[in-house]
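The numbers here are math on the coordinates, done by the rules we state, and not lab data. In this text, all values refer to a predicted model and were calculated from it rather than measured experimentally. FYI the Cβ positions are ideal-geometry reconstructions off the backbone, even for glycines, and counts take in every protein chain you see.
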């Protein structure tokens with residue numbers, strides 16, 4: 001949910017104040033159209049790493065002990081280019097309304113909190129922080145409600161043919177078989193784990209991003225009270241570097257939870273009863289010990305590092321291209 005939080009975050013340095021594009025300065029239609037195009041392109045570039053990561057986390061027949069490069073080559077050899085883009089069409093199309101929903105819920109809840117706290121005897125920085133926090137939490141919750149079923153569907157398409165998974169002929173077949181087996185709740189496998197972990201994970205991402213950007217700017221000689229403004233190239237370089245560092249840091253800490261969540265959402269051979277977090281955790285420990293929780297760490301580390309870098313650069317470009325024409 002990094003994209004949504006950025007929209008509610010004010011620049012930390014005065015030297016960067018004129019580069020910030022507020023929500024009221026944006027042409028909303030252009031913002032969502034351009035955003036859909038550029039973020040879909042970004043997702044296409046990173047999707048192969050997600051497929052490799054997901055297969056390494058789920059497989060119990062050798063893939064989990066192979067390197068990410070080896071798994072990538074094996075997928076290419078067996079299934080071709082189509083194999084490393086399994087689930088992309090469903091993810092790309094399904095994400096479009098979700099992004100609009102998340103951004104809208106973020107802005108509406110933020111405005112409501114700013115109006116509610118107006119006139120209260122609290123520091124302005126605190127008031128804005130509270131509004132952004134509530135907005136981010138609301139946006140994350142709404143996003144989970146929409147995106148978890150989409151994620152379950154996409155991940156099941158990514159792992160077709162692996163032991164313990166159910167073969168499905170396309171996204172609609174995934175939905176049909178899952179609902180037939182478990183009812184509508186089957187589409188929300190891992191929802192609790194996703195909702196509980198996504199907020200702190202997002203906080204971790206943005207905390208690392210803010211700290212890295214702060215250190216880099218000051219190491220480059222910029223201060224709060226300076227009149228000198230950084231160039232566009234400097235802005236892109238610093239934001240991309242900070243985003244990469246934040247993604248790398250977050251991946252180290254959140255991979256174990258992501259591994260449990262991924263297996264919970266796609267595996268069907270845990271014996272009697274519905275799969276649960278406890279059953280999934282025990283299975284991982286039995287198969288590979290604590291090391292099993294870091295299955296797919298290499299591709300996920302790469303995915304989150306590249307995502308952090310490209311997301312920031314892409315989002316800033318989208319905002320610049322979406323400024324209202326006077």
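Hey, with R₀ at 35 Å, roughly what FRET efficiency would residue 211 and residue 77 work out to, going by the Cβ-Cβ distance, to 0.05?
Rounded to the nearest 0.05, the efficiency is 0.25.
When ranked by the protection proxy of mean other Cβ atoms within 10 Å per residue, highest first, what sequence do the peptides 245-257, 179-191 form?
245-257, 179-191
At R0 = 22 Å, how high is the FRET efficiency between residue 27 and residue 233 if r is their beta carbon distance? Nearest 0.05 is fine.
Given R0 = 22 Å and the Cβ-Cβ separation, E is 0.30.
If I stretch the segment between residue 181 and residue 196 completely, what's the gain in nm (0.36 nm per residue apart, minus their alpha carbon distance), one decimal?
Result for the pair: 2.8 nm of gain on full extension.
Can you tell me the FRET efficiency between residue 66 and residue 40 if r is taken as the Cβ-Cβ distance and R0 is 22 Å, rounded to the nearest 0.05?
Efficiency at R0 = 22 Å is approximately 0.15.
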